[in-house]
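The values are calculated or read from the model by the stated rules, or taken from the named source; none is laboratory data. All of these numbers come straight from a predicted model, not from anything done at the bench. Cβ placement follows ideal geometry from the backbone for every residue including glycine, while neighbour counts extend to all protein chains displayed. Note: areas computed on protein heavy atoms with side chains; ligands, DNA, RNA excluded. Shrake-Rupley method; radii C 1.70, N 1.55, O 1.52, S 1.80 Å.
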Amino acid sequence: MTKLYYSGLKYGENDVEVKLLVDIQNDWLEITHTKEVSQVMNKSTGKYITVKRNTLKFEVVS
C-alpha cells in the first residue's frame, strides 16, 4: 500500500499549510494547475486542497 501526503500553503491565506492523504493504489486522484493555484482532489473521498501553485509538494508516507 502506498500513501502520499500532498501539501502546500493554502491559497488566500498567509502561512497556513494544508495536507491531503492519498492512497495511490486505491484512490482516484486528480491534480490541476492554473497560473496561481494547484488543486489536488481525492475523488474517492471527496476531499481536496487548493494551494499556491509554487508551494505544492508531496511526501511518501508508506
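Hey, could you check the stretch 29-62 for residues that are of a type in the set (Gly, Ala, Ser) and under 15 Å from LEU4 (Cβ atoms) and say which is farthest from the chain's Cα centre (by Cα)? So, considering only residues that are of a type in the set (Gly, Ala, Ser) and under 15 Å from LEU4 (Cβ atoms), the one farthest from the chain's Cα centre (by Cα) is SER62.
Each row is one residue, and each column tells you yes or no for (1) part of a loop (DSSP other than H, G, I, E, B); (2) open to solvent by less than 90 Å² (accessible area, probe 1.4 Å).
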{"residue": "SER7", "(1), (2)": "no, yes"}
{"residue": "GLU13", "(1), (2)": "yes, yes"}
{"residue": "LEU20", "(1), (2)": "no, yes"}
{"residue": "GLU30", "(1), (2)": "no, yes"}
{"residue": "LYS35", "(1), (2)": "yes, no"}
{"residue": "VAL40", "(1), (2)": "no, yes"}
{"residue": "TYR48", "(1), (2)": "no, no"}
{"residue": "PHE58", "(1), (2)": "no, no"}
{"residue": "SER62", "(1), (2)": "yes, yes"}
